[in-house]
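Report on the following structure.
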Amino acid sequence: MNGSRGGLDSAQHPVQTRRMTTKRVLLIVSGGIAAYKSLELVRLLRKDGIAVRAVMTESAKEFVTPLSLGVLTEDHVYGNMFDLKEEREIGHIQLSREADLIVVSPATANIIAKMAGGIADDLATTILLATDKPVLAVPAMNVRMWEHVATRRNIAQLERDGIHIMDPDSGPMACGEYGEGRLPEPPAIAEKTKQLLANPNPADILAGQPDFAADMPLAGKHVLVTAGPTHEPIDPVRYIANRSSGKQGFAIAAAAAKAGARVTLVAGPVNLDTPPGVTRVDVLTAREMLAAVQGTLPADAAIMVAAVADWRAASEAGQKIKKDGSGAPAPLPLAENPDILATIAKSEKRPPLLIGFAAETENVVDHARAKLTRKGCDMIVANDVSGDVMGGSHNCVHLVTEAHTESWENLPKDEVANRLVERITARLE
Ligand code: C5P
């Protein structure tokens, strides 16, 4: 998918989310037993200042009442395509366009199939076909239905269409069976909703509209980029870090978004604006970065530009560590951080194209070649950081693959990014 398939649950992945101005969500509730959880979802979104308008399918009304949703949204609840009063008050086209994001939760196997097929036979599905806004679908169904080949095919189609999908949870089901298909808990859905509202990606919308997307070389592709340093806390005021500015990774994310890809940028602590059209997930530590990356996969390509700290303090002190007066420094036992690139390379969700970066101060190409094998990736972009590359605006890189090495002249980081995205496009074709 889709950045969202991993379900960036804030409890699992402690990411920071930005504050935002009032945003509007159109919540489509379809008819599953999990429909009752939409009430809690509305409450959580409104608590964060997000305006919610609700649309219910006919079968959803068997599980929760329009009155309950209306009380919580403090708004009329829409449901009938042919109710003249409703249509006159606000037409279905307007409903589909006025929100910043459409959330379908729960999304039953039935509405997913209709979305995948472009069927518009009630108000909810007509809105979904008419919208020009990003859509998040949160499936919930019986495990057999979730695993059925028809649902697999429909989900894959929605992903290609640029719809964000949250992976369902596993566990006991209302029907007595056990497995994957449970609606994620409302706080996780609310968190995902806020992430999408903070960073809408125009390429998602374009992806569903072949006329616009056809010319964009990476349309329909999901590209994951990591960038920046990580900070590894020692105590409440100190941390281990490095000099990475994040500029090269951000430039690559921007170039991939411009090429039409849906881009998820997992960023360490940097002082940079999110490039237009990029979904950004902020993390602090290497372990958070690993969790965010795993939650974001699958992707068609991953470019791991982040300068991940190799070590962290073995334990984080709860209070500021004080000098003890002996003149000897306080001992600082270290633990090794997970290697994110190598972990992803070995995982089931390894992207078809996996690119690592290597900052070296000597024997740049030799070290990069060794790293290519050791980390199990398809390409290493090696850069000589003996000069002022870290934080600077230029970069001199060598592209090292199994077959050969190519060296580029010293270029602005934006240009390195554009050229690299051209290579990525060629390899994904
Ligand atoms: O081993 P080294 O840090 O030189 O490798 C650089 C590459 O490996 C980069 O792509 C970086 O993002 C990745 N890396 C990682 N996890 C680590 C260390 C590096 O993914 N713990």
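The values are calculated or read from the model by the stated rules, or taken from the named source; none is laboratory data. For clarity, every value in this text was computed on a predicted model and none was experimentally measured. No Cβ is skipped: glycine too gets one built from the backbone with ideal geometry, and neighbour counts run over all protein chains shown. Accessible surface is based on the protein model in full, side chains and every heavy atom, while ligands, DNA and RNA are left aside. Shrake-Rupley method; radii C 1.70, N 1.55, O 1.52, S 1.80 Å.
Using the rule -39500 (n - 2.57) for each DSSP H run of four or more residues, divided by the residues of the chain, the 222 nm mean residue ellipticity is -9500 deg cm²/dmol. Here the label points at THR373 and TRP311, each 7 Å from Cα along the C-beta direction, are separated by 2.7 nm in the simple model.
Think of each Lys and Arg Cβ as +1 and each Asp and Glu Cβ as -1; about the Cα centre, that makes the dipole of the stretch 105-200 roughly 140 debye. Taking GLU409, GLU180 and ordering them by how much accessible surface each has at a 1.4 Å probe, largest first, produces GLU409, GLU180.
A simple count of charges around THR361, restricted to other residues whose Cβ falls under 13 Å of its Cβ and scoring Lys, Arg +1 and Asp, Glu -1, yields -4.
For PHE82 and GLU185, calculate 0.36 nm times their separation in residues minus their Cα-Cα distance, and state this gained length in nm to one decimal. Walk me through the intermediate numbers first.
Values: separation 103, 0.36 × 103 = 37.08 nm, distance 3.33 nm.
Roughly 33.8 nm would be gained on extension.
Since only ALA107, GLY91, ALA426 are under comparison, the one whose Cα sits farthest along the positive direction of the charge dipole of the chain, derived from C-beta charges on Lys, Arg, Asp and Glu, is ALA107. Projecting the Cα atoms of THR296, ALA256, LEU44 onto the dipole axis of the chain, where Lys and Arg carry +1 and Asp and Glu carry -1 at the beta carbon, places LEU44 farthest toward the positive end.
The angle between the Cα long axis of helix 247-258 and the main principal axis of the chain comes to about 40°, on a 0 to 90 degree scale. Working from label points 7 Å from Cα in the Cα-to-Cβ sense, the ARG46 to ALA174 distance is 2.2 nm.
Take every Cα pair under 8 Å whose residues are at least 6 apart in sequence, average their separation, divide by the length of the chain, and the relative contact order is 14 percent. Could you pull out every one of the aspartates and glutamates with an alpha carbon less than 17 Å from that of LYS346, ignoring same-chain neighbours closer than 8 positions? Cα-Cα hits under 17 Å: ASP300, ASP378.
Each Lys and Arg Cβ is given +1 and each Asp and Glu Cβ -1; about its Cα centre, the stretch 21-95 then shows a dipole of about 300 debye.
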